[in-house]
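Asks: This is the structure, below, for whatever I ask next.
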Amino acid sequence: TPAGGTFSGSAGLIINASTGAVNLTQTPVGTYTVSYTSPGTCSATTTTPLTVLPPQSVALVFNGTDFCKAGGPTPTPTAVPAGGTFSGSVGLLINTSTGAIDLLGTPNGTYTVTYTSTGQCPASATARLTIKGNPPPVYPNVLTPNGDKLNDQLVLKIADVQNYSLQVFNRWGRQVYEGNNATQGWDPGTNSAGMYYYLVQYNDCAGQLRVARNWVEVVK
């Protein structure tokens, strides 16, 4: 004060002479002297020190990129420097202090986690992770292959699986079907009515082997 004067700085400081705004991006790290000279015939000058600090180095890493609700490792963040806060994109249930993620409560999907440090020069780092889940398989026990698209085929509704195998046997133990596509199933249209037994095996999204044996009745 009074307003209307001019600003200047010591060598290296990039400062707007009219507003006093300092360009932190272009100004080297260091300590400077800012001068303000008042307007008028009886102008006066006052000074103040100003220190430009280096940007804070922030890092965020998780113990993986894909996490499964069916089991396996829990998302564990490593963030430096400590003491910052966590946040996530829409839908991700995350503890803002620890970065712990609620796998079961978070919908399946890919999310961005942001870690913001504290202090005079806070900065942020991000990491992306994907949450997958295997809903419980639906094991039908009646098939009616009549073309109405209701229970026409034996299709087990499971997702995010690997090494999928479905085998179907008749009551005498003869194999009538074998498939490896989890989105397709057994069409009993050319088989006779009666009881059949099936064996399904797959690795869930956590890599665990799952095996199920069941029976199904074909009604015609």
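Asks: In the P(r) worked out for the chain, what percent of Cα pairs fall beyond 20 Å?
Replies: The proportion of pairs with Cα distances above 20 Å equals 72 percent.
Asks: Amide H to amide H under 5 Å from Thr76: which residues, 5+ apart in sequence or cross-chain, H placed 1.01 Å off N in plane?
Replies: Asn63
Asks: Taking H placed 1.01 Å from N in the peptide plane, check which residues at least 5 places from Gly9 or on another chain put their amide H under 5 Å from its amide H.
Replies: Ser35
Asks: Under 20 Å Cα-Cα from Lys220, which lysines qualify once same-chain neighbours fewer than 8 residues away are excluded?
Replies: Here the lysines satisfying the reach criterion relative to Lys220 are Lys149.
Asks: Then there is this: Restricting attention to the chain, give the cysteines that have no other cysteine Cβ less than 4.7 angstrom from their Cβ.
Replies: Isolated Cys, the chain: Cys42, Cys121.
Asks: In a GNM of the chain with a 10 Å cut-off on Cα contacts, which of Thr31, Thr110, Thr65 has the highest mean-square fluctuation?
Replies: Thr31
Asks: How far is it, in nm, from the label point at Met195 to the one at Ser43 when both lie 7 Å from their Cα along the line to the Cβ?
Replies: Result: 10.3 nm between the two label points.
Asks: Something else now. Tell me the label-point distance for the pair Asp187, Arg128, using the 7 Å Cα-to-Cβ offset, in nm and rounded to one decimal.
Replies: If labels sit at Asp187 and Arg128, their model points lie 3.8 nm apart.
Asks: Per-residue HN-Hα couplings for segment 32-46, Karplus 6.51 cos²θ - 1.76 cosθ + 1.60 at θ = phi - 60°, whole Hz, x for Gly and Pro?
Replies: Going residue by residue, I get 10, 10, 9, 10, 10, 10, 6, x, x, 6, 10, 5, 9, 10, 10 Hz, with x marking Gly and Pro.
Asks: Turning to a different aspect of this structure: Between Ala82 and Ser35, how many nm apart are label points set 7 Å from Cα along the C-beta direction?
Replies: 4.7 nm
Asks: Using 0.36 nm per residue, how much length does the chain from Asn170 to Gln153 gain when fully extended, once their Cα-Cα distance is taken away?
Replies: 4.6 nm
Asks: What does the highest-first list of 147-154, 124-131 look like by mean Cβ count within 10 Å?
Replies: With the highest mean Cβ count within 10 Å placed first, the list reads 124-131, 147-154.
Asks: Taking segment 131-197, which chymotrypsin sites (Phe, Trp or Tyr not before Pro) meet the DSSP loop condition and have no more than 15 other C-beta atoms within 10 Å?
Replies: Of the chymotrypsin sites (Phe, Trp or Tyr not before Pro), the ones in loops of segment 131-197 whose Cβ has at most 15 other Cβ atoms within 10 Å are Trp172.
Asks: Suppose R0 equals 35 Å. What FRET efficiency, 1/(1 + (r/R0)^6) with r the Cβ-Cβ distance, do Thr144 and Thr98 give to the nearest 0.05?
Replies: Working from the Cβ atoms, E equals 0.10.
Asks: Quick check: Cα centre of segment 87-148 to Cα centre of segment 19-48, how many Å?
Replies: About 49 Å separates the Cα centre of segment 87-148 from the one of segment 19-48.
Asks: With θ set to phi - 60°, apply the Karplus curve 6.51 cos²θ - 1.76 cosθ + 1.60 along segment 55-64 and write out the HN-Hα couplings as whole Hz, x wherever there is a Gly or Pro.
Replies: Residue by residue, segment 55-64 yields x, 6, 8, 10, 9, 9, 9, 9, 7, x Hz.
Asks: Pairs of alpha-carbon atoms within less than 8 angstrom and 6+ residues apart define the contacts here; what relative contact order does segment 6-52 have, in percent?
Replies: Computed value for segment 6-52: 35 percent relative contact order.
Asks: Which of the aspartates and glutamates could a cross-linker bridge to Lys69, judged by Cα under 13 Å and excluding same-chain residues fewer than eight apart?
Replies: The qualifying aspartates and glutamates are Asp102, Asp160, Asp204.
Asks: I need the phi-derived Karplus couplings for segment 164-172: 6.51 cos²θ - 1.76 cosθ + 1.60, θ = phi - 60°, integer Hz, Gly and Pro marked x.
Replies: 3J(HN,Hα) across segment 164-172, in whole Hz: 6, 8, 10, 10, 10, 10, 7, 5, 9.
The numbers here are math on the coordinates, done by the rules we state, and not lab data. The structure displayed is predicted, hence computed values, not measured ones. Positions of Cβ are generated from backbone atoms using ideal geometry, with glycine treated the same way; all protein chains shown enter the neighbour counts.
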